[in-house]
Amino acid sequence: MHKLLFCLLSVVSLTLLLSFHGGEARQQEVPFQNACHFSQINSLAPAQATKFEAGQMEVWDHMSPELRCAGVTVARITLQANSIFLPAFFSPPTLAYVVQGEGVMGTIASGCPETYEEIEGSSGRGGGGDRRRRFEDMHQKLENFRRGDVFASLAGVSQWWYNRGDSDAVIVFVLDVTNRENQLDQVPRMFQLAGSRTQEQQQPLTWPSGNNAFSGFDPNIIAEAFKINIETAKQLQNQKDNRGNIIRANGPLHFVIPPPREWQHDGNANGIEETYCTAKIHENIDDPERTDHFSTRAGRISTLNSLNLRVLRLVRLNALRGYLYSGGMVLPQWTANAHTVLYVTGGQAKIQVVDDNGQSVFNEQVGQGQILVIPQGFAVSKTAGETGFEWISFKTNDQAYINTLSGQTSYLRAVPVDVIKASYGVNEEEAKRIKFSQQETLLAMTPSSSS
């Protein structure tokens with residue numbers, strides 16, 4: 001009875017949390033005074049790499065001026081084939097993007113039922129007619145993942161990732177350290193529920209820490225809590241294990257999971273559970289069919305926000321996936337209500353960023369694996385190189401929106417010609433050319449590519 005009451009209260013609290021308006025979830029003030037005053041913005045590479053038995057975890061310096069301005073930090077894990085990122089949770093809400101690879105991802109949320117059940121039947125074995133069934137396992141729901149998937153995780157919700165493919169899986173995480181759900185400071189923390197510190201692990205940035213939550217308890221307490229013997233309790237602490245938090249699995253792992261890419265929705269499900277426990281937590285943003293802006297010559301852009309993935313109202317982040325073909329260009333624009341953290345997934349591009357004083361604070365080429373932070377309101381343009389350009393942007397608002405400087409839906413299209421003449425000191429013919437010449441909305445080709 002007490003267990004049932006606890007589960008019910010846990011689910012209700014999660015339901016209220018999900019129903020809470022997302023606009024209150026992220027702190028309104030900048031966490032560091034003058035954090036977004038730049039004379040120059042730098043592109044960023046990982047500051048630290050921690051190697052584990054079957055992969056590594058790289059983290060960016062959360063104290064860099066750019067990430068302090070955005071109020072987020074970034075990490076990237078690489079899982080070798082048949083390896084598992086052991087269960088852990090982050091103190092702030094998180095968005096994860098699958099750069100490459102495929103496998104299975106699991107989340108563990110307190111109060112949600114174990115709705116996936118495996119029962120093995122012995123019917124037909126040895127030619128007999130035995131219809132008896134044997135219970136094998138039950139757990140919370142799992143998700144298949146593949147390249148292009150975006151996963152949302154709430155603060156304190158544990159997760160694990162299993163690479164079942166034949167090549168490396170790479171996943172990038174953005175942690176919203178200034179989200180109100182993170183009641184700690186702005187230092188990112190990963191709480192490990194399994195795994196251990198590696199022998200050569202060095203931590204100049206303090207995370208990942210390396211030891212799991214069981215390691216600090218008295219083994220007798222663990223034994224009593226789980227009703228197990230002391231030796232098994234010590235195994236939970238991983239006292240003699242130095243493989244780290246990404247380990248090689250002993251053969252392929254097996255789970256109870258629906259067919260790939262199939263998401264079941266039971267319209268008759270309990271209303272409370274349906275709100276959170278069965279909520280959709282991922283979407284594939286690489287799918288061409290969900291493109292929001294498309295140009296046959298320049299490229300395409302897809303956006304994921306809380307209107308099409310409701311859980312983002314809590315995470316308070318959204319994602320934008322972009323592809324530019326050779327010579328393609330994203331017309332100059334600014335994000336009105338969010339900072340942008342751009343991660344390059346392929347190709348190269350020339351990016352220019354202009355601040356609130358009209359000064360160029362970034363005008364360089366960026367390449368694969370680099371991060372560029374574009375503060376709120378700063379204007380930006382992107383021009384692809386010869387091999388094209390691919391990127392994923394994370395924005396610090398679940399309903400971030402942009403304004404363009406040129407194009408069919410730009411601010412200049414909404415301004416009367418006489419105002420343009422007065423503002424820029426041009427004649428009427430030039431004003432009309434400024435206002436109407438660009439017929440594209442967001443994506444265009446550079447003049448040299450169009451000729």
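The values are calculated or read from the model by the stated rules, or taken from the named source; none is laboratory data. Since this is a predicted model, take the numbers as computed values, not measurements. Here the Cβ positions follow ideal geometry from the backbone for every residue, glycine too, while neighbour counts run over all protein chains shown. Ligands, DNA and RNA are stripped out before the accessible areas are found, and what is left, the full protein with its side chains, is counted by its heavy atoms. Shrake-Rupley method; radii C 1.70, N 1.55, O 1.52, S 1.80 Å.
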Please indicate, with yes or no, whether at least one residue in the range 399-409 is of a type outside the set (Val, Ile, Thr), in a strand (DSSP E or B) and surrounded by fewer than 18 Cβ atoms within 10 Å (Cβ to Cβ). yes
Among residues of the range 43-61 being of a type in the set (Gly, Ala, Ser) and open to solvent by 40 Å² or more (accessible area, probe 1.4 Å), the residue nearest to residue 373 (Cα to Cα) is 45
With the structure loaded, tell me whether residue 233 is closer than 23 Å to residue 53 by Cα and either modelled with pLDDT of 70 or more or of a type in the set (Asp, Glu) (or both) or whether it fails that test. yes
Residue 419 passes all but one of the listed conditions (1) in a loop (DSSP other than H, G, I, E, B); (2) farther than 30 Å from residue 93 by Cα; (3) among the hydrophobic types (A, V, I, L, M, F, W, C); the exception is number (1)
Of all residues being in a strand (DSSP E or B) and open to solvent by 30 Å² or more (accessible area, probe 1.4 Å) in the range 278-302, which is nearest to residue 409 (Cα to Cα)? Just the residue, please. 293
If you check residue 393 against the conditions, is it under 30 Å from the mean Cα position of the chain (by Cα) and either open to solvent by 30 Å² or more (accessible area, probe 1.4 Å) or without any contact (Cβ under 8 Å) to a residue 60 or more places away in the chain (or both)? no
Of the conditions (1) modelled with pLDDT of 75 or more; (2) farther than 27 Å from residue 74 by Cα, residue 239 fails just one. Which one is it? (1)
May I ask you to verify whether residue 279 is modelled with pLDDT under 95, out of contact with any Pro (no Cβ under 8 Å at 6 or more places or on another chain) and not hydroxyl-bearing (Ser, Thr, Tyr)? yes
Subset of the range 303-334 (residues that are open to solvent by less than 30 Å² (accessible area, probe 1.4 Å), out of contact with any Phe, Trp or Tyr (no Cβ under 8 Å at 6 or more places or on another chain) and not in a strand (DSSP E or B)): 305, 306, 309, 311, 312, 315, 316, 327
